[in-house]
Amino acid sequence: MTQEQKQEFTRRISQENHSGLILVLCDIFHTYGMDAMAAYEAENMTTYLQTIGQARRAMQELIECFSKEDPLGRNVVAILRFIYGKLVRSEVRRQPDELDRCVQMVDDLRVGFVHLHELDNEGAVMQNVHQVYAGLTYGKGTLNESIQGVNYEKTWIPGLRAKRCHALSEMVKYK
């Protein structure tokens, strides 16, 4: 995961509501899954194992987001646990057993989560965070993007309502 992707995920985490955090987790998992497959193809086993570990952490966070008390939540958790098992298998065998299939399954689930997110009208989980403004500056032969309102060096933002948000920002910042 590149530094720009980490910054984008951090910004999204600070601005999203609960259903939006699920989408961010799906995107984080997708990024780590693709990075793991690329590392395996490049025969970089250290990076492969690190990114598989990060993908497992993202999947564990995703599993924790769903209620095990209702039937729909149990069904989603069962699918996510299946994917988690494939990640563990890929890590132990040191080869991406069906990792592309797992990434595709999460991408397919994400489509449904997008529809749920459109119906969700509650506010952001993190309160008292700076509003993020992005802009472009044009110069002769250059184009610069600037983002104001977020300090990416700081992982703890005052006013967090849920520990899950802090864990997500730690997961994104983790190297």
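Since every read-out is calculated from the coordinates, none of them should be taken as a lab result. Just so it is clear, the model here is predicted, and its values are computed rather than measured. As a convention, Cβ positions derive from the backbone with ideal geometry for all residues, glycine included, and neighbour counts pool all protein chains shown.
Worth a mention:
- Mean Cα-pair separation over length for the stretch 48-103, i.e. relative contact order, pairs under 8 Å, 6 or more apart, %: 35
- Cα-derived Rg to Rh of the stretch 6-77, Kirkwood definition: 1.06
- Among Cys26, Cys65, the ranking by other beta carbons within 10 Å of each residue's beta carbon, starting with the fewest, stands as Cys65, Cys26.
- Rh by Kirkwood over Cα pairs, then Stokes-Einstein D for the stretch 69-128 at 1.306 mPa s and 10 °C, µm²/s: 116
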